Each structure stands twice: as C-alpha cells, then as structure tokens.
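Notes follow once the structure below has been shown.
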Amino acid sequence: MRARYGVPLGIAAAGAAGLVYAAGFEARSFRLRRVTVPVLPPGMRPLRVLQVSDIHMVGGQRKKQRWLRSLAGLRPDFVINTGDNLSDPEGVPEVLDALGPLMEFPGAYVFGSNDYYGPKLRNPARYLLEKAQGRHGLNGNAPAEGVVHNPWEDLRDGFDAAGWLNLTNTRGELKLEGGSVELTGLDDPHIKRDRYAQVAGGPSESADFSMGVVHAPYLRTLDAFTADAYPLILAGHTHGGQLCIPFYGALVTNCDLDTERVKGLSTHTTEGRTSYLYVSAGCGTNRYTPVRFACPPEATLLTLVGREAVGR
C-alpha cells in the first residue's frame with residue numbers, strides 16, 4: 001500500500017501546500033517595486049510616479065486596503081491608476097476609501113474590463129487555450145453574455161471629484177511644480193473599447209513631457225503610442241502572469257503581449273521608434289482565482305529622470 005500510494009499522496013500534499021502558500025501568503029504579500037526610467041527631456045526635474053493597478057477589490061480585504069492607504073507616505077508627484085479596481089459590484093466604497101489618501105495627490109486613471117463588468121467563474125486552463133488560439137478577451141472571442149454590470153459610474157465620479165483626470169480615450173494635462181505632464185489614455189483594449197483615432201497625433205508641443213496610459217498592453221495600442229513617439233507607456237492587466245514557474249516565468253499574459261514583457265520595465269519598437277513600456281503586475285486577483293505564485297502583488301514607484309542619464 002505504501003509503495004502504491006506514497007508518491008500520489010506526496011504530490012497531493014505538495015500541491016495542497018502550494019495552494020495554501022499561493023492563496024494564504026503570496027497573494028497577500030504586497031510589495032513596492034522601484035524603477036528608474038530615463039525619459040525626461042534635458043533640464044526637467046525628476047518626477048516620482050506611483051502606479052497602482054488591478055486592485056480587484058473584494059469586500060473585507062482589510063490588509064490590501066491598509067497597504068494601499070499607506071502608499072500615500074511615498075508622497076509621489078502624481079498617481080496613475082491603470083484600471084481593474086473591482087472584483088465585486090459592492091466594492092466601490094472600499095476602493096475609494098483605500099485610495100482616499102492617494103487622491104490627495106494629482107492623478108489620472110483608465111478603466112479595465114473588471115471595472116465595467118463583474119468577474120465570472122472560469123477554468124484557468126482556458127487562458128492557455130486562448131493563448132494557443134490567439135484569442136483574448138473580446139479580441140476573437142464571442143461577446144460575453146449574462147455578465148454582471150459593475151457601478152463603474154460611481155467609481156468614476158469618486159475619482160473625478162478628487163480631481164483625478166479621466167483618460168478614457170482622451171488627453172489630459174497635469175500642472176506640476178517645475179513642468180507639465182501630458183497624459184494620453186485609452187479605454188480597455190481587452191474588450192475593444194480603445195479608440196486611438198480619437199487621441200492620435202502624438203505629444204503636444206506645449207507639454208514638457210508626454211506619456212501613454214492603457215489598461216491592457218495589446219500590441220496594437222503599443223504600436224500606436226510608439227509610432228506617435230510617446231517615450232513611456234504604462235499598463236497593467238497581465239497580473240505578471242499571476243501563476244508563474246520559478247526560474248522560468250509566466251505562461252500567459254491574457255493579451256497578445258509576449259511573456260518576456262509580462263511585467264516590469266521593457267521597451268517596444270515599431271516603425272523605427274522605441275518607447276519604454278512598464279507593465280504592472282498589479283496588487284489583486286480575480287475573486288474566483290485568489291492565488292499568486294512566484295509573482296507577488298505590487299505597486300510601483302517610477303522615478304522618471306532625464307534621458308541624458310542613460311549610460312551613466
């Protein structure tokens with residue numbers, strides 16, 4: 001009996017231990033990532049940008065709420081929220097409460113699909129199948145049916161009341177000490193709400209610095225921002241792969257971005273131009289898959305410095 005069942009029982013025990021770790025520890029092990037990006041024009045003072053993404057708030061997530069409130073202690077120059085704040089139709093008050101201290105700073109936001117629609121229970125293996133078939137979100141898949149509509153308007157009103165810029169297929173400008181920052185945003189490409197034609201044309205000559213903001217880093221949006229000469233693009237959506245293999249990395253990105261750029265700082269090149277791309281691994285998970293492995297939840301403090309800093 002021992003020889004026959006010892007290995008399967010051992011595997012089962014290891015799997016159970018991994019699940020307890022992924023759900024009970026790593027998914028709640030919030031981290032701050034710090035990154036320096038050389039993108040500013042010569043002479044412009046460094047800017048500290050706090051990016052929060054993929055909060056996926058569910059009622060009662062007190063530790064996550066405390067951690068988000070604590071980020072105000074970083075005192076960034078401005079905050080960028082790259083969407084998917086909700087994973088619960090009742091979560092808007094808790095999102096606004098958790099982000100309240102951060103809304104004392106200048107900021108801007110785009111929404112993701114989970115801000116508009118409630119999550120659905122689905123087999124995680126479908127992400128691998130969709131990757132193999134080149135289908136992601138509504139990009140190749142049939143439109144979702146029977147989905148729950150989240151009260152995203154209340155979330156929008158709360159952000160707007162705090163003075164954050166709504167970058168839904170539009171541009172905005174932040175006036176900061178020492179310069180201005182132009183922000184060009186898109187609605188979520190994952191559900192085909194992006195309308196780049198409405199913001200095309202590249203950075204304005206009047207802005208000291210310009211950057212692109214989008215929830216899901218689909219290649220069509222990265223190509224468009226880069227071709228228009230935006231030096232930096234911020235995105236989220238991927239959860240960094242969420243369930244990763246140690247020393248190998250992510251298996252999926254839940255969009256058509258390659259797994260090598262599933263999180264962190266990289267570059268994107270098209271039509272002879274290159275932009276920096278930062279993809280946040282986010283700080284939450286879908287409420288039906290509340291696990292992370294080899295990919296802890298995060299927010300990011302990006303320090304933007306002059307382009308002349310390259311090679312120092």
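Observations
- One residue from A281, A294 being of a type in the set (A, V, I, L, M) and open to solvent by 10 Å² or more (accessible area, probe 1.4 Å): A294
- Here Y196 fulfils each of the conditions (1) open to solvent by 50 Å² or more (accessible area, probe 1.4 Å); (2) more than 21 Å from L47 (Cα to Cα) apart from (1).
- Qualifying positions in segment 171-198 - within 18 Å of D115 (Cβ to Cβ) and touching a helix residue (DSSP H, G or I) at 6+ places or on another chain (Cβ under 7 Å): L186, D188, P189, H190, I191, D194
- Residue within segment 30-52 that is modelled with pLDDT under 95 and out of contact with any Lys or Arg (no Cβ under 9 Å at 6 or more places or on another chain) present: yes
- The one condition from (1) open to solvent by less than 80 Å² (accessible area, probe 1.4 Å); (2) closer than 19 Å to H56 by Cβ; (3) modelled with pLDDT under 90; (4) not acidic (D, E) that Y116 does not meet is (3).
- Filter result for G202 (in a helix (DSSP H, G or I), modelled with pLDDT of 95 or more, open to solvent by less than 30 Å² (accessible area, probe 1.4 Å) and at positive phi): no
- Restricting attention to segment 229-262 and to residues that are part of a strand (DSSP E or B) and touching a strand residue (DSSP E or B) at 6+ places or on another chain (Cβ under 9 Å), the residue that is surrounded by the fewest Cβ atoms within 10 Å (Cβ to Cβ) turns out to be I245.
- Given (1) open to solvent by 20 Å² or more (accessible area, probe 1.4 Å); (2) aliphatic (A, V, I, L, M); (3) farther than 16 Å from M211 by Cα, number of the condition L155 does not satisfy: (1)
- Some residue of segment 141-162 being among the small types (G, A, S) and within 25 Å of V252 (Cα to Cα): yes
- Of the listed requirements (1) farther than 26 Å from G134 by Cβ; (2) of a type outside the set (D, E); (3) in a helix (DSSP H, G or I), Y276 misses just one: (3).
- Index of the failed condition, A216 passing every other in (1) outside any strand (DSSP E or B); (2) of a type in the set (G, A, S); (3) out of contact with any His (no Cβ under 9 Å at 6 or more places or on another chain): (3)
- Note on segment 119-151: residues that are open to solvent by 80 Å² or more (accessible area, probe 1.4 Å) and under 14 Å from D256 (Cβ atoms) total 3.
The values are calculated or read from the model by the stated rules, or taken from the named source; none is laboratory data. These figures come from a predicted structure and were not determined experimentally. Methodologically, a virtual Cβ is constructed for each residue, glycine included, from the backbone with ideal geometry; neighbour enumeration extends over all protein chains shown. Heads up: the accessible areas ignore ligands, DNA and RNA and are worked out on the full protein's heavy atoms, side chains in. Shrake-Rupley method; radii C 1.70, N 1.55, O 1.52, S 1.80 Å.
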